[in-house]
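The next block holds one structure in the form of structure tokens; read it before the comments.
The values are calculated or read from the model by the stated rules, or taken from the named source; none is laboratory data. These numbers were taken from a predicted model, which means no experiment stands behind them. All Cβ positions, even for glycine, are placed from backbone atoms using ideal geometry, and neighbour counts span all protein chains on display.
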Amino acid sequence: MSDEFDDIQAIFFEECTEGLTTAEEGLSAMQAGDVSAETIAGVFRAVHSIKGGAGAFGHSDLTAFAHKFENVLDEVRANKIVPTPGVIRVMLSSFDVLSDHVEAAKGNAPRPNDGAALSALEQVLANKGVPEGDAPAAAAPAAAAPAPAPAPAEEEEDEFGFRPVGVSLEDLDSPADEPAGWVVRFKPSRAALANAGEPLLTVRELEGLGARVESVDLSGLPSLRDIDPEDSYVTWVIAAPAELPESDLSDCFDFVAPDSVIEIKRAAEDVLPEGATEAEMDGDEIPFVPVTATVDDFMDLGADPAPAPAPVAVEAPAAAPAPAPAAAAAPPAGGGGMPPAGGGGGGTGGGGPAKPANEAAQTIRVDLIKLDLLLNLVGELVIRNSILADRLSPADRQRVELPELARLTRQIQDNVMSLRAQPIRQAFSRVPRMLRDLSVETGKQINLETTGETTEVDKGVIEKIGDPLTHMIRNAADHGLESAEERIAAGKDPAGTIKLSAEQKGARIFVRVADNGRGINRERVRAKAVEKGIISADAQLTNEEIDQLICAPGFSTAEKISNISGRGVGMDVVRSNVEALGGRVEIHSVPGEGTTFTMILPLTLAILDGMIVRLAGQRFVLPLTHVLETIQPEPGQVKRTSPDNEVIDMRGEYLPVKRATEIFGLNDDRNIEDSLVVIVESESSGKVGLVVDTIDDRREVVIKSLDQNLHPIRGLGGATILGDGSIALILDIEALVSSPSRYTPKGLAA
Amino acid sequence: MTKLILTVDDSASMRMLLKTSLTSQGFRIESANDGQHGLERMHEVKPDLLITDINMPKMDGFELIEAVRKVPEFKGVPILVLSTEFSDEKKTRARNAGATGWITKPFEATKLGAAIRRVCP
Amino acid sequence: MSTTPDTANDRKIVTFSLAKQIFGIDMSALIEIREWDEPTPLPNVPSFVKGVTNLRGNVIPVVGLAERLGWEPSVLHARSCILVVNIAGKQAGFLVDEVNDIVGINVGEIQPAPAVETTMEESVIAGLVRIATRAKDGSRDENGSMVLLLDLDALSLTKHLDLAA
């Protein structure tokens, strides 16, 4: 059971995350001026659900805070509080505290200090929308009494949150010194029956408490032909033992519709209806008090809002302390129209069968593991398909309709991939909050501009860019942007801007964090790198190489360890995380104007179109996206320009040549003329010739990450399983040809 | 006979919590994730009892209750509202729509079971 | 000593030989035992990582356990095999000289490892336990033999290999 509970709770926390995302989006939209009912309702519902679940899982701090937050949202929703910018600010900071509460509930964080946020919410509630310091401008007319919140909240405490409804006891006199037995009169209303309340159950429940039915009044029964089977004509008079607490009796009526007649009184009370004699009060025969006031009177509720007001209680008889005997009672005030006579269902019964609302898109929650398994299987299917294509003659391919099979397989694959694709918004969603915090911590004013958040990316990518993104944002806020004073001195807007964007280009996704700050101080970066032993003092580095040093392991430019960056991990984590995903990080900086970090990531982590090549006899996969052409070098076409460097003459253009066998330390004594040179284009190093032994095949491969069971290896983007069950390693072209391998062996002092 | 209960809640965790706690008390549980879905499921499973949340996307609990009560076949099906809401105004609305009873979240499993037996013995 | 396996003994281990010692790992960590099959070599990894192999669609590293523990590399022979284990959610294959037996042990009988094994990182041995060994003729050697219980978590490949990455 507890495992099960934990599982469910884990789902609840997922829902919290979703709810928080929804709420933040809504609040951000409100901040941007969208205060439509729909937006507000969305935020309300999100917070409301969090509260509901939190209660169920016993997270009382979270419940209490969400409750207060919800109260404000409810008032905003009901147009009782105008969502002024001040109110929205309070809600945004409440949102942050709510997020912290969720983290605390997960056990990831200590309980947040929510005092300030609570009192800000209180103030909004009390002032009907004017938080301290906010312009009283659009203050809502003080229509209602103080916030309705606190009182019901206390009532919620009772028992297990079962709130008795429909029984109002306040107006009963205090019991006499010697309590007499209880007399309960119960006449279910028509509405009670319409709501599937079964009066006999209530009566039986009372009997279970030791009560007994004294009499049943059938006098209200009309003649048989007039009987409406859906109506209620019977009144029970029930005597209950004096020692029973009143609440036990009233609890039995929890589910009884409020317009039913319910009286719970001590037998001796003088509020007994007129017509009851002394003898009757003492005696064992309780006077039968016919109550006929509420036969049809409450049926037309839909048309008449009047009977609504709050503690809906014992309506007719209590309101008129002396119900007249016999059938004289008038319809109580507010009981409006009469239902159609003899109508089979009156006001509530009319409609035909409800329309099955099918048009709505349904969603189901699927375990990601199942999805991954499916994706793997489809990947294998694609591969089997290409193996089949290889083995069959073109005529046989047509005969078995292989192209059709391939097309279907491809469609399945695309569909499965799309199941995993999600808007990158999810990864972006925590940024606004982070920047609000950073703004407070650094004292800098920071504006955020986000674009491309609907770009769809594989869920695996989204999950893994969270940390790098956090570091990039922190880096931009902490190091990139200047203080307001510094910005003013530089003739800039005192508020800095961070632009967060995502866009898809081909099979890659570009995620950028751009600040308009001071740019990278290359002098300082260089000095720091020398000081930290990352480069030697005389190393010759281009500007770009200096910028790249920010991502070198162990590098941090923060001169004082700030709260935000400089925690020992930094941009090197960004680089290694992104590279582990088969991506890379680019840095572009202009002194005085700002710095842009770009994560370039594969759109999906799953499937790759590749060439099977051999290096020193071993099979590797070379991703086709990088391949420009393949050539068999003529003698003299590849020249050595230095002991370590070779170039290839491509129609007069000299391109550097790299030997993966050397980088990987494989034995290779093959003559260059017996090899092939694959010209690849890398984003960081341009065109490069890569020497391979031969090319075996071209096919799609399913990428299996090495870090699933091992760890990422530089130069490899993963591994794949070939048709014969053997493994081929996937080359990471960017890592193979790009600069890191250059400064690693040479510039490093260590 | 085992009572069949349809629970309607947009929160998966709440649905599962209900399912777990009520199944162990001898009820059979079907569930739906919003009002519209709930209405469809009513026709499919024809439960002995409907338990619904109020705040749900697409079709909220009030609308669901109203829609269910309009179906003659479901007139006699008790409907319990299970919600964190507790305002009397909401309760009145629910009653007017046709709800049988109201239970405020969070609930305690055994007491929820008792409440269910109260309306659906 | 009672050797009724299922009642007196509360934990099962699989024992194997490596560098003429008997080692044991917890049975619950064992996924399967497979024959040696030359793995696909990896570049830029320590020599004890023999490469990667395909375990039912998963790419798992194969580790020369002897080298990992600081001994001479195992010499491959007919009984060489790979113990596929689960370490903290990651799968890995360990090359061992020979798999011996699956035996029940009593947790209470595990003794702490004496600090004499200087060639080994002391942390990888979780403890020592004496087991009755089965001789070739099926009889039992009542003196039994000492089994070095490996702490798989301490062997965690990622921890060690990250340094090399």
Exercise for review: Read through the list (1) facing another protein chain (nearest Cβ under 7 Å); (2) in contact with a Pro (Cβ under 9 Å, 6 or more places away or on another chain), then give the number of the only condition that B:GLU73 fails.
Suggested key: (1)
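Report, by residue number, each residue of the range A:662-708 that is away from chain C (no Cβ under 14 Å) and not in a strand (DSSP E or B).
Listed by number, the residues that qualify are A:ASP669, A:ARG670, A:ASN671, A:ILE672, A:GLU673, A:ASP674, A:SER675, A:GLU683, A:SER684, A:SER685, A:ASP693.
Let's see how each residue does on (1) more than 8 Å from every other protein chain (Cβ to nearest Cβ); (2) within 25 Å of A:ALA66 (Cα to Cα); (3) assigned to a helix (DSSP H, G or I):
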| position | (1), (2), (3) |
| --- | --- |
| B:THR7 | yes, yes, no |
| B:ARG15 | yes, yes, yes |
| B:LEU18 | yes, yes, yes |
| B:ILE29 | yes, no, no |
| B:LYS58 | no, yes, no |
| B:PHE62 | yes, yes, yes |
| B:ILE65 | yes, no, yes |
| B:VAL77 | no, no, no |
Exercise for review: Please go through the range B:93-121 and pick out each residue that is out of contact with any strand residue (DSSP E or B) (no Cβ under 9 Å at 6 or more places or on another chain), surrounded by fewer than 24 Cβ atoms within 10 Å (Cβ to Cβ) and assigned to a helix (DSSP H, G or I).
Suggested key: B:ARG93, B:ALA109, B:THR110, B:GLY113, B:ALA114, B:ARG117
Point to revise | Close pairs from the range A:350-379: first over 26 Å from B:SER11 (Cα atoms), partner in a loop (DSSP other than H, G, I, E, B) and modelled with pLDDT of 50 or more, Cβ under 6 Å, at least 6 apart | key: A:GLY351/B:LYS70; A:PRO353/B:VAL71; A:LEU375/A:ALA606
Check your understanding: Of the numbered conditions (1) at pLDDT below 85; (2) surrounded by 15 or more Cβ atoms within 10 Å (Cβ to Cβ); (3) within 30 Å of A:VAL702 (Cβ to Cβ), C:ALA88 satisfies every one except a single condition; which is it?
Key -> (2)
Exercise for review: Keeping to the range A:39-59, report how many residues are facing chain B (nearest Cβ under 10 Å) and hydroxyl-bearing (Ser, Thr, Tyr).
Suggested key: 1
Check your understanding: Which residues, counting only those in the range A:367-412, are within 34 Å of the chain's Cα centre (by Cα) and among the basic types (Lys, Arg)?
Key -> A:LYS370, A:ARG410
Practice item. Just give me the residues in the range B:87-121 being at the interface with another protein chain (Cβ under 7 Å from one of its Cβ atoms) and of a type in the set (A, V, I, L, M), in sequence order. Key: B:ALA99, B:ILE103, B:ALA115, B:VAL119
Review point. What pairs can you find where one residue is in the range A:3-24 and within 10 Å of A:GLY53 (Cα to Cα) and at the interface with chain B (Cβ under 10 Å from one of its Cβ atoms), the other is assigned to a helix (DSSP H, G or I) and among the charged types (D, E, K, R), and their Cβ atoms are less than 8 Å apart, with a gap of 6+ or different chains?
Key: A:PHE13/A:LYS106
Review point. Would you say A:ASP226 is more than 12 Å from chain B (Cβ to nearest Cβ), under 26 Å from B:LEU80 (Cβ atoms), at pLDDT 65 or above and over 46 Å from the mean Cα position of the chain (by Cα)?
Key: no
Check your understanding: Within the range B:40-56, which residues are of a type in the set (A, V, I, L, M, F, W, C), surrounded by fewer than 24 Cβ atoms within 10 Å (Cβ to Cβ) and assigned to a helix (DSSP H, G or I)?
Key -> B:VAL45
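Do we have any residue at all in the range A:496-518 that's in the same structural domain as A:VAL585 (by the TED database) and assigned to a helix (DSSP H, G or I)?
no
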Review point. Taking the condition without any contact (Cβ under 8 Å) to a residue 12 or more places away in the chain and away from every other protein chain (no Cβ under 12 Å), does A:ALA29 pass?
Key: yes
Check your understanding: If A:LEU62 passes every condition in (1) touching a residue at least 40 places away in the same chain (Cβ under 8 Å); (2) under 22 Å from B:ASP60 (Cβ atoms) but one, which one does it miss?
Key -> (2)
**Study point:** Lone qualifier among A:LEU676, A:LEU615, A:LEU706, A:LEU690 - being of a type outside the set (Asp, Glu) and in contact with a Lys or Arg (Cβ under 7 Å, 6 or more places away or on another chain)
**Key:** A:LEU690
Point to revise | For B:ALA12: the one exception among (1) surrounded by fewer than 22 Cβ atoms within 10 Å (Cβ to Cβ); (2) at pLDDT 85 or above | key: (2)
Check your understanding: Within the range A:683-695, can you find the residues that are surrounded by 20 or more Cβ atoms within 10 Å (Cβ to Cβ) and either polar (S, T, N, Q) or in contact (Cβ under 8 Å) with a residue 60 or more places away in the chain (or both)?
Key -> A:LEU690, A:VAL692
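Residue-by-condition table, conditions (1) without any contact (Cβ under 8 Å) to a residue 12 or more places away in the chain; (2) crowded, with 21+ Cβ neighbours inside 10 Å:
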{"site": "A:LEU601", "(1), (2)": "no, yes"}
{"site": "A:ASP609", "(1), (2)": "no, no"}
{"site": "A:ARG614", "(1), (2)": "no, no"}
{"site": "A:ILE631", "(1), (2)": "no, no"}
{"site": "A:GLU634", "(1), (2)": "no, no"}
{"site": "A:ALA660", "(1), (2)": "no, yes"}
{"site": "A:GLY665", "(1), (2)": "yes, no"}
{"site": "A:ARG670", "(1), (2)": "no, no"}
{"site": "A:ILE679", "(1), (2)": "no, no"}
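Quick grid of which residues meet (1) among the basic types (Lys, Arg); (2) exposed (fewer than 14 other Cβ atoms within 10 Å of the Cβ); (3) closer than 27 Å to A:GLY610 by Cβ:
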position	(1), (2), (3)
A:ALA389	no, no, yes
A:GLU401	no, yes, yes
A:GLU404	no, yes, yes
A:PRO432	no, no, no
A:LEU438	no, no, no
A:THR442	no, no, no
A:ILE446	no, no, no
A:HIS471	no, no, no
Check your understanding: Of all residues in the range C:56-83 being over 18 Å from the mean Cα position of the chain (by Cα) and not in a loop (DSSP other than H, G, I, E, B), which is nearest to the other protein chains (Cβ to nearest Cβ)?
Key -> C:VAL59
Review point. Out of the residues in the range A:709-725 that are at the interface with chain C (Cβ under 7 Å from one of its Cβ atoms) and assigned to a loop (DSSP other than H, G, I, E, B), which is surrounded by the fewest Cβ atoms within 10 Å (Cβ to Cβ)?
Key: A:GLY725
Practice item. Look at A:LEU62 and say whether it is buried (at least 17 other Cβ atoms within 10 Å of the Cβ), away from every other protein chain (no Cβ under 12 Å) and in a helix (DSSP H, G or I). Key: no
Practice item. Taking the options B:VAL81, B:VAL77, name whichever one is farther than 27 Å from A:ALA54 by Cβ, among the aliphatic types (A, V, I, L, M) and under 12 Å from the mean Cα position of the chain (by Cα). Key: B:VAL77
